[in-house]
Amino acid sequence: MKRVVFSVFGAVAVFAGVTPSAAGDRYADRPPVMVSPDLSAPWVLQLGNAPGTAQPAQPDRVQTAAVQAPAKRMVMRPQINPIYLPQEVAYDGTQKPGTIVIDTTQNFLYLVEKNGKARRYGVGTGKPGFEWSGTHKITNKREWPDWRPPAQMIKREAAKGRYLPTYLAGGIENPLGARALYLGTTEYRIHGTNQPWTIGGAVSSGCIRMRNEDVVDLYERVNVGTTVEVI
């Protein structure tokens, strides 16, 4: 039986689909690098959609996504717990259908429906020292609202070395997000956020935060005059 001996370099080159002579030529054309979708897709899909991260690649674009360098540094963000995604749940409260009930302990907002049901959303609520409860009516609704931080907030944040603008026009960078529902004569709102990974936490200065897509959904379901109970 004949024995064929390859050099280590030659064996690697043959395995990669390159002849030994071509592999030894640093200027020779190399075959394209092919990335299997089965190998790259799980990694790509972990990136999520938070600001500063890459968008998940479509299967037919995996090679491009894997080869191209990102335009800016990628920053991984925690993803929202699926328990805070919108869902229909059983509800045994005494409020009539159409009422909004916000549980600041569990960080859920319920839109009460008929037949013992409610549509439940995850929310971000007031951080320690900013908790509150009470019953109000929705007195106004705004799409892509402007933001005017209260003077007390501006002063409080300035003491920490963080200087807030006195006015910020509505838009994707606005902390009020895509929609706002104003509560009574208070400075509190149910509003969207450009930080969806904070949903489910005690994170705000008293306002109720929702994912932009969730606050848009709620906005379309309720009217000015809707009762809101914060408990």
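The values are calculated or read from the model by the stated rules, or taken from the named source; none is laboratory data. Owing to the predicted nature of the structure, the values given are computational and were not obtained by experimental measurement. Quick reminder, even Gly has a Cβ in these numbers, built from the backbone with ideal geometry, and neighbours come from all protein chains shown.
Summary table
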read-out	value
Subset of segment 106-144 that is polar (S, T, N, Q) and free of Cβ contacts under 8 Å to residues at least 40 places away in the same chain - its residue that is farthest from V222 (Cα to Cα)	Q106
Whichever residue in segment 145-174 is of a type in the set (F, W, Y) and touching a residue at least 12 places away in the same chain (Cβ under 8 Å) and, among such residues, is nearest to N212 (Cα to Cα)	W147
Enumeration of residues in segment 146-187 that are in contact with a Gly (Cβ under 7 Å, 6 or more places away or on another chain) and of a type in the set (D, E, K, R)	D146, R179
Residues being touching a Ser or Thr at 6+ places or on another chain (Cβ under 7 Å) and not in a loop (DSSP other than H, G, I, E, B) - total across segment 123-136	5
Qualifying residue in segment 104-125 (condition: of a type in the set (K, R), more than 23 Å from the chain's Cα centre (by Cα) and assigned by TED's automatic domain parsing to the domain that holds E220)	yes
Pairs with Cβ under 7 Å, 6+ apart, first in segment 175-201 and farther than 14 Å from E143 by Cβ, second surrounded by fewer than 20 Cβ atoms within 10 Å (Cβ to Cβ) and among the basic types (K, R)	G184/K137; W197/R77
Tally of residues being more than 15 Å from the chain's Cα centre (by Cα) and either over 16 Å from R142 (Cβ atoms) or modelled with pLDDT under 95 (or both) across segment 202-216	4
Residue match in segment 185-194 (condition: among the polar types (S, T, N, Q) and in contact with a His (Cβ under 8 Å, 6 or more places away or on another chain))	yes
Subset of segment 80-104 [β-branched (V, I, T), under 20 Å from Q195 (Cα atoms) and modelled with pLDDT of 95 or more]	I83, I102, T104
